[in-house]
Amino acid sequence: MWIRSQDGTTFIDATVLTLELETADHKFVISAYAGNGSVESAFTVGKYDQEHQAQDVLQRFAIHLQTGMTGAFQV
């Protein structure tokens, strides 16, 4: 599935998103993981000041996957 970054500049073919707290600037970072199982790369696709904002994105992503939507997911 194609995932479009928060700023619209990056498209990643991935099915996994993760949420982490970046300690340097205290932002909640969403990363997309792309790869074939043996080699994977992580790409930052969104940064948020509040955890609930990032959680909302992950919730929308879960719904996107469950409903079988075929278009790119906008972070």
**OP:** Report whether or not Thr44 is in a strand (DSSP E or B) and either β-branched (Val, Ile, Thr) or open to solvent by less than 50 Å² (accessible area, probe 1.4 Å) (or both).
**Re:** yes
Original post:
Applying the selection to region 31-48, what residues are over 14 Å from Asp13 (Cα atoms) and either at pLDDT 95 or above or touching a helix residue (DSSP H, G or I) at 6+ places or on another chain (Cβ under 9 Å) (or both)?
Top reply: Gly46, Lys47, Tyr48
**OP:** Say whether the condition of being outside any strand (DSSP E or B), more than 19 Å from Gln74 (Cβ to Cβ) and open to solvent by 90 Å² or more (accessible area, probe 1.4 Å) is met by at least one residue in region 13-24.
**Re:** yes
**OP:** Could you tell me which numbered condition Ala34 fails, if it satisfies all but one of (1) open to solvent by 90 Å² or more (accessible area, probe 1.4 Å); (2) not in a helix (DSSP H, G or I)?
**Re:** (1)
Original post:
Which one of these does Leu58 not meet: (1) of a type outside the set (Phe, Trp, Tyr); (2) closer than 14 Å to Gly8 by Cα; (3) surrounded by fewer than 17 Cβ atoms within 10 Å (Cβ to Cβ); (4) within 10 Å of the chain's Cα centre (by Cα)?
Top reply: (2)
Original post:
Do we have Val29 as aliphatic (A, V, I, L, M) and either in contact (Cβ under 8 Å) with a residue 40 or more places away in the chain or in a loop (DSSP other than H, G, I, E, B) (or both) here?
Top reply: no
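Among the residues of region 1-12, which ones are in a loop (DSSP other than H, G, I, E, B) and in contact with a strand residue (DSSP E or B) (Cβ under 7 Å, 6 or more places away or on another chain)?
To start, the set of residues in region 1-12 that are in a loop (DSSP other than H, G, I, E, B) comprises 1, 5-10.
Result: Met1, Ser5, Gln6, Thr10.
The values are calculated or read from the model by the stated rules, or taken from the named source; none is laboratory data. Please read all numbers here as calculations on a predicted model, not as lab measurements. Heads up, the Cβs are rebuilt from the backbone with ideal geometry, glycines too, and the neighbour counts pull from every protein chain shown. With ligands, DNA and RNA removed, areas are computed over all heavy atoms of the protein, side chains included. Shrake-Rupley method; radii C 1.70, N 1.55, O 1.52, S 1.80 Å.
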